[in-house]
1. Where both partners of a DSSP beta bridge lie in chain A, what percent of those bridges are antiparallel, to the nearest 5?
2. How much net charge surrounds residue A:25 when only the other residues with a Cβ under 13 Å from the Cβ of residue A:25 are counted, with Lys and Arg +1 and Asp and Glu -1?
3. Which lysines does residue B:5 reach when only Cα atoms under 22 Å apart count, and residues fewer than 8 places away in its own chain are ignored?
4. Could you tell me what percent of the DSSP beta bridges with both partners in the protein assembly as shown are antiparallel, to the nearest 5?
5. How do A:17, A:66 rank by accessible surface area computed with a 1.4 Å probe, from largest to smallest?
6. Using a 1.4 Å probe over the heavy atoms of the protein chains, calculate the carbon and sulfur portion of the accessible area of segment B:43-84 as a whole percent.
7. Per the Kirkwood formula on distinct C-alpha pairs, the Rh of chain B is how many angstrom?
8. Please give the calculated 222 nm ellipticity per residue for chain A, where each DSSP H segment of at least 4 residues contributes -39500 (n - 2.57) and the sum is spread over every residue; nearest 500 deg cm²/dmol?
Amino acid sequence: MQLGRVEGTVVATIKSEGLEGVRFLIVQPLDKHQRPVGDQVVAADAVHMAGPGELVYVVGSREAAEAMPVRFVPVDHAIVGIVDEVALIG
Amino acid sequence: MKVAKVSGTVVSTISFPFFDSKRLLICDLINARGEVDGYTIAVDVVDAGVGETVLVLDEGNSSRQIFGVDTGPIRATVVGIVDDADFGDFSLQGP
(Lines give C-alpha, C1' and ligand atoms only; values in the text may rest on other atoms or scores of the structure.)
Protein backbone atom coordinates (compact mmCIF):
# COMPACT_ATOMS: atom_id res chain seq x y z
CA MET A 1 0.00 0.00 0.00
CA GLN A 2 1.06 3.59 -0.57
CA LEU A 3 0.27 6.95 0.96
CA GLY A 4 -1.89 9.33 -1.10
CA ARG A 5 -3.50 12.74 -0.95
CA VAL A 6 -7.14 13.16 -2.08
CA GLU A 7 -7.18 15.95 -4.64
CA GLY A 8 -10.52 15.67 -6.39
CA THR A 9 -13.55 13.62 -7.29
CA VAL A 10 -14.79 11.87 -10.41
CA VAL A 11 -18.49 11.40 -11.10
CA ALA A 12 -19.43 8.72 -13.63
CA THR A 13 -23.03 7.69 -14.08
CA ILE A 14 -22.32 5.29 -16.93
CA LYS A 15 -19.80 2.73 -15.73
CA SER A 16 -19.08 -0.91 -15.48
CA GLU A 17 -21.59 -3.19 -13.78
CA GLY A 18 -21.04 -3.63 -10.03
CA LEU A 19 -19.64 -0.13 -9.57
CA GLU A 20 -22.97 1.45 -8.70
CA GLY A 21 -22.65 3.56 -5.58
CA VAL A 22 -18.86 3.44 -5.62
CA ARG A 23 -17.31 6.85 -5.06
CA PHE A 24 -14.26 7.74 -7.15
CA LEU A 25 -11.62 10.17 -5.93
CA ILE A 26 -8.53 11.60 -7.59
CA VAL A 27 -5.50 10.65 -5.49
CA GLN A 28 -1.92 11.89 -5.78
CA PRO A 29 0.46 9.10 -4.68
CA LEU A 30 3.02 10.22 -2.10
CA ASP A 31 6.40 8.97 -0.89
CA LYS A 32 6.81 8.21 2.80
CA HIS A 33 7.69 11.87 3.46
CA GLN A 34 4.33 12.81 1.88
CA ARG A 35 5.93 14.34 -1.22
CA PRO A 36 4.10 13.75 -4.54
CA VAL A 37 5.54 10.90 -6.58
CA GLY A 38 4.22 9.59 -9.89
CA ASP A 39 0.96 10.43 -11.61
CA GLN A 40 -2.44 10.97 -10.06
CA VAL A 41 -4.81 8.01 -10.11
CA VAL A 42 -8.55 7.59 -9.81
CA ALA A 43 -9.19 5.45 -6.74
CA ALA A 44 -12.40 3.94 -5.43
CA ASP A 45 -13.16 5.11 -1.90
CA ALA A 46 -13.62 1.94 0.18
CA VAL A 47 -14.01 3.82 3.47
CA HIS A 48 -16.68 6.20 2.12
CA MET A 49 -15.28 9.04 4.24
CA ALA A 50 -12.18 10.35 2.49
CA GLY A 51 -12.52 14.04 1.75
CA PRO A 52 -10.48 16.51 -0.31
CA GLY A 53 -6.97 17.11 1.06
CA GLU A 54 -7.03 14.08 3.30
CA LEU A 55 -4.02 11.80 3.70
CA VAL A 56 -5.03 8.24 2.88
CA TYR A 57 -3.48 4.88 2.06
CA VAL A 58 -4.25 3.11 -1.13
CA VAL A 59 -4.02 -0.54 -2.15
CA GLY A 60 -3.44 -1.43 -5.78
CA SER A 61 -4.00 -4.13 -8.32
CA ARG A 62 -6.48 -6.93 -7.68
CA GLU A 63 -6.56 -6.21 -3.95
CA ALA A 64 -8.33 -2.94 -4.75
CA ALA A 65 -11.24 -4.93 -6.15
CA GLU A 66 -11.22 -6.96 -2.94
CA ALA A 67 -12.22 -3.79 -1.07
CA MET A 68 -15.38 -3.27 -3.10
CA PRO A 69 -18.93 -4.31 -2.10
CA VAL A 70 -19.30 -6.34 -5.28
CA ARG A 71 -16.41 -8.73 -5.76
CA PHE A 72 -14.23 -8.68 -8.80
CA VAL A 73 -15.16 -5.35 -10.28
CA PRO A 74 -12.70 -3.52 -12.53
CA VAL A 75 -10.99 -1.35 -9.93
CA ASP A 76 -7.22 -1.15 -9.60
CA HIS A 77 -6.80 1.42 -6.82
CA ALA A 78 -8.83 1.65 -3.64
CA ILE A 79 -8.55 3.92 -0.62
CA VAL A 80 -8.61 1.56 2.36
CA GLY A 81 -7.84 3.93 5.19
CA ILE A 82 -7.48 7.51 6.34
CA VAL A 83 -4.16 8.33 8.00
CA ASP A 84 -4.18 9.94 11.44
CA GLU A 85 -0.41 10.02 11.76
CA VAL A 86 2.76 8.83 10.05
CA ALA A 87 5.64 8.38 12.53
CA LEU A 88 9.03 7.98 10.84
CA ILE A 89 12.50 7.40 12.29
CA GLY A 90 15.44 9.11 10.59
CA MET B 1 9.29 -11.62 -0.74
CA LYS B 2 11.49 -8.60 -0.27
CA VAL B 3 13.98 -7.49 2.33
CA ALA B 4 13.08 -4.16 3.89
CA LYS B 5 13.88 -1.87 6.78
CA VAL B 6 11.02 -0.75 8.99
CA SER B 7 11.26 3.02 9.07
CA GLY B 8 7.96 4.02 10.60
CA THR B 9 4.37 3.31 11.49
CA VAL B 10 1.01 4.51 10.17
CA VAL B 11 -1.74 5.26 12.67
CA SER B 12 -5.26 5.04 11.22
CA THR B 13 -8.57 4.87 13.07
CA ILE B 14 -10.82 5.06 10.02
CA SER B 15 -10.08 2.12 7.74
CA PHE B 16 -11.58 -0.73 5.80
CA PRO B 17 -12.70 -3.34 8.39
CA PHE B 18 -9.89 -5.75 7.51
CA PHE B 19 -7.33 -3.26 8.86
CA ASP B 20 -9.05 -2.63 12.20
CA SER B 21 -6.57 -3.12 15.08
CA LYS B 22 -3.83 -4.15 12.67
CA ARG B 23 -0.37 -2.62 12.92
CA LEU B 24 0.77 -0.80 9.78
CA LEU B 25 4.51 -0.46 9.20
CA ILE B 26 6.34 1.68 6.65
CA CYS B 27 8.89 -0.63 5.04
CA ASP B 28 11.75 0.78 2.98
CA LEU B 29 12.35 -1.81 0.25
CA ILE B 30 16.02 -2.69 -0.25
CA ASN B 31 17.26 -3.62 -3.73
CA ALA B 32 20.08 -5.95 -4.77
CA ARG B 33 22.61 -3.12 -4.43
CA GLY B 34 21.64 -2.48 -0.86
CA GLU B 35 19.93 0.81 -1.65
CA VAL B 36 16.48 1.82 -0.49
CA ASP B 37 14.20 1.58 -3.52
CA GLY B 38 10.70 2.73 -2.68
CA TYR B 39 8.53 1.76 0.27
CA THR B 40 5.35 -0.08 1.03
CA ILE B 41 2.91 0.03 3.93
CA ALA B 42 2.65 -3.52 5.26
CA VAL B 43 0.57 -5.21 7.94
CA ASP B 44 2.75 -6.62 10.69
CA VAL B 45 2.22 -10.17 12.00
CA VAL B 46 5.58 -10.72 13.71
CA ASP B 47 5.73 -7.71 16.04
CA ALA B 48 8.57 -6.16 14.07
CA GLY B 49 10.10 -3.10 15.64
CA VAL B 50 10.86 0.17 13.89
CA GLY B 51 14.47 0.05 12.67
CA GLU B 52 14.49 -3.70 12.19
CA THR B 53 15.29 -5.49 8.95
CA VAL B 54 12.33 -7.61 7.87
CA LEU B 55 10.89 -9.88 5.19
CA VAL B 56 7.89 -8.40 3.38
CA LEU B 57 5.50 -10.58 1.47
CA ASP B 58 3.89 -8.46 -1.26
CA GLU B 59 1.29 -10.77 -2.79
CA GLY B 60 -2.41 -10.96 -2.05
CA ASN B 61 -3.23 -14.65 -2.05
CA SER B 62 -0.37 -15.53 0.24
CA SER B 63 -1.21 -12.69 2.59
CA ARG B 64 -4.86 -13.71 2.72
CA GLN B 65 -3.77 -17.23 3.65
CA ILE B 66 -1.77 -15.81 6.55
CA PHE B 67 -4.91 -14.12 7.86
CA GLY B 68 -7.07 -17.11 7.02
CA VAL B 69 -9.48 -15.14 4.87
CA ASP B 70 -10.76 -15.75 1.34
CA THR B 71 -11.24 -12.11 0.51
CA GLY B 72 -9.65 -8.89 1.72
CA PRO B 73 -7.66 -5.98 0.28
CA ILE B 74 -4.35 -7.17 1.75
CA ARG B 75 -1.14 -7.48 -0.23
CA ALA B 76 1.92 -6.49 1.83
CA THR B 77 2.56 -8.33 5.08
CA VAL B 78 5.66 -8.34 7.28
CA VAL B 79 6.25 -12.05 7.74
CA GLY B 80 9.74 -12.29 9.21
CA ILE B 81 12.47 -10.49 11.09
CA VAL B 82 15.86 -10.82 9.45
CA ASP B 83 18.87 -11.87 11.55
CA ASP B 84 21.26 -11.86 8.62
CA ALA B 85 20.83 -11.41 4.87
CA ASP B 86 23.89 -11.98 2.70
CA PHE B 87 23.54 -10.52 -0.78
CA GLY B 88 27.14 -11.40 -1.74
CA ASP B 89 28.35 -7.84 -2.23
CA PHE B 90 26.86 -6.73 1.06
CA SER B 91 24.95 -8.17 3.96
CA LEU B 92 22.34 -6.88 6.38
CA GLN B 93 22.30 -7.81 10.03
CA GLY B 94 19.48 -7.63 12.51
CA PRO B 95 19.76 -5.37 15.56
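1. 90 percent
2. On the way: positive: A:5, A:23; negative: A:7, A:45, A:54.
Result for the local shell: -1.
3. Partners found: A:32, B:22.
4. On the way: 51 of 55 bridges.
The antiparallel proportion sits near 95 percent.
5. My answer, sorted largest first, is A:17, A:66.
6. Numbers: 730 of 1770 Å².
Result for segment B:43-84: 41 percent of the exposed heavy-atom area is carbon or sulfur.
7. Values: mean 1/r = 0.0734 Å⁻¹.
Taking every pair of different Cα atoms in chain B, averaging 1/r and inverting gives 13.6 Å.
8. Details: 1 runs with 4 residues, N = 90.
The helix-only estimate for chain A comes to -500 deg cm²/dmol at 222 nm.
The values are calculated or read from the model by the stated rules, or taken from the named source; none is laboratory data. The structure presented is a predicted model; accordingly, all values stated were derived computationally and were not measured. Here Cβ is always computed from backbone atoms with ideal geometry, including for glycine, and neighbour counts include all displayed protein chains. Keep in mind that these areas ignore ligands, DNA and RNA; they rest on the heavy atoms of the full protein, side chains included. Shrake-Rupley method; radii C 1.70, N 1.55, O 1.52, S 1.80 Å.
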